[in-house]
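These notes are about the structure you will find just below.
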Amino acid sequence: MIATPTTADKAPSLDNALDDLRSFIATSAQAGASFHDFELGLWQRLLRLGRQATHTFLASLGSGDLGETLALPDGQELRRLDQTHDRDFTCIFGTFTLCRTCYGSREGQKIDLVPLDSRLALPAGKFSYLLQDWDLLLASEHPFAKVAAVLQRILGLTQHSDSLQRLSRAASVDVEPFRRALPPPPPAEEGAIVVQSGDGKGIPMRRPADAPPISDHDHKRGRKPDRKKKAIVGTVYTVAPLVRTPEQVVEALFRQPGQRGPNQDRPRPCHKRVCARLNEYIDEQGRLREGLADVFVWMTQQLRLRNPNRDREVVHLFDGEEQLWAVRELCQPTWKSTGILDLLHVTPRLWQAARLFHPADSPEALALVRDRVLRVLRGQVEAVVRGLRQMGTRHRLRGSKAKELKTICAYLEKNRERMRYDEYLKKGYPIASGAIEGACRHYVKDRMERTGMSWVKPGAQAMLELRSTALNGDWDDFMTFRIDSETARLHPQRHALADVSWPMAV
């Protein structure tokens, strides 16, 4: 493991560290060192050099003693407190203890100003912003313990999982204000069709603190409301039209592995953005929120931003869950749009029907599915339903099989107004929600459903917020927004200190 000294007192002077670096380079070349040994030794020395440079920089600023009294621009006069107040601060080069002169009314009362903190625009927590950036971005992809272990190996820093979890919750508070402040994508970079889609994915939840461990072993049947909480994932993007025929779609769906698909350039989604909420969660103000409604409010805001003149076609691409369609109608009642049932939720039901009449994976089942998919894509939904019912009668289906066929036909009938695929294909609309299926899998499952992983509600919602920012490609802008916002809140007098003569330490 690569390590750095644990205290600044053990670090050599900056000149000595530079001399050691030069000597190491020359000695390694003369001794015929392997590149691995050179690279490892170089990194260790660069960390020591960075630590000493940081120590020298902080020492040169002193404690921030600006005299016995300090007048603020608003006329308030502060007095120097009798005691300095130390603060531990960890950056990528290690932990440093800052000796700080503080100003206020008197010792024991609220500290009104810490000039050194304001001068350096230090964050509220212990970790520097660069270290927070690395911690949070890595944690959006990997478990907290893994993040701590990786950065300890690289930087020699010891961080605890609990600290990283608290950091993620604190940082997630800034996601929603940042999201609201984002400008819309340039119109020239948008497609002609605005697509919104939504789906849900379960997140494993930690058992209550007062529940005995044996309760985790109770594999009872039925709903397990305390085992998982649904995350509602929404996505909005624009795309150029892609006109296709039903036959082309069937050819793409049924081609064999390795077989080349139709030679057709598919337009790529433009500026795809995702947002997720737990279906029930408590916000920062302690209010109980409904995640499904929140996600649709966000999608409606995206529609207003990205289609302000309402001159683009709007497509709602969902599965058959009626709650999604009902909430969409409630949140977007005045939007002229086209609702499309995701084809990927139709084809499994046709496979299900085929297995009622033919052995699974048989050529006959495949032929039946291919034929019915083609008919559905041609807009012949009612004929397909009628034909399946007639087949059930001819095959004299009884019991569970008859009930299953009835359920399949009822689903297709209920959604037939959203299955006018022949019209959608002629207009170039997307008819399958690969974007949201992939988002649910990658956004939620890949990070939050790993083996042995469980969450509490605040931690799960915080991770959903941070992960959406990373997946949307907004990470750098988000960190800049967060730093600027926290600096303005913590250090409102920072710019006023620029006019004050700062006593540099010798």
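FYI, it's all coordinate maths here, none of it is from the lab. Owing to the predicted nature of the structure, the values given are computational and were not obtained by experimental measurement. Counting neighbours? That spans all protein chains shown, and the Cβs are built from the backbone with ideal geometry, glycine included.
Taking Lys and Arg as +1 and Asp and Glu as -1, the other residues whose beta-carbon sits under 11 Å from that of PHE318 total -3.
The translational diffusion coefficient of region 8-60, from Stokes-Einstein at 4 °C and 1.567 mPa s with a Kirkwood hydrodynamic radius over alpha carbon pairs, comes to 111 µm²/s.
Taking every DSSP bridge with both residues inside the chain, close to 75 percent are antiparallel. Principal-axis analysis of the Cα atoms of the chain puts helix 161-172 at an angle of about 70° to the longest axis. A helix-only calculation puts the chain at -14500 deg cm²/dmol for mean residue ellipticity at 222 nm, using -39500 (n - 2.57) for each DSSP H run of at least four residues, averaged over all residues. Taking other residues whose beta carbon is less than 12 angstrom from the beta carbon of ARG494, and scoring Lys, Arg as +1 and Asp, Glu as -1, yields -2.
Could you tell me the calculated FRET efficiency between SER105 and THR84, based on Cβ-Cβ distance and R0 = 22 angstrom, to the nearest 0.05?
Values: r = 17 Å, r/R0 = 0.77.
So, using R0 = 22 Å, E works out to roughly 0.80.
The alpha-carbon atoms of the chain, seen along their principal axes, cover 96, 65, 57 angstrom, with the largest extent given first. Give me the angle, in degrees from 0 to 90, between the Cα long axis of helix 129-139 and the longest principal axis of the Cα atoms of the chain, rounded to the nearest 10. With both axes taken from Cα atoms, the answer is about 30 degrees.
Could you state the number of Å between the C-alpha centres of region 304-333 and region 343-403? About 30 Å separates the Cα centre of region 343-403 from the one of region 304-333. Against the chain, whose longest principal axis is taken from its Cα atoms, helix 322-331 shows a tilt of about 60°.
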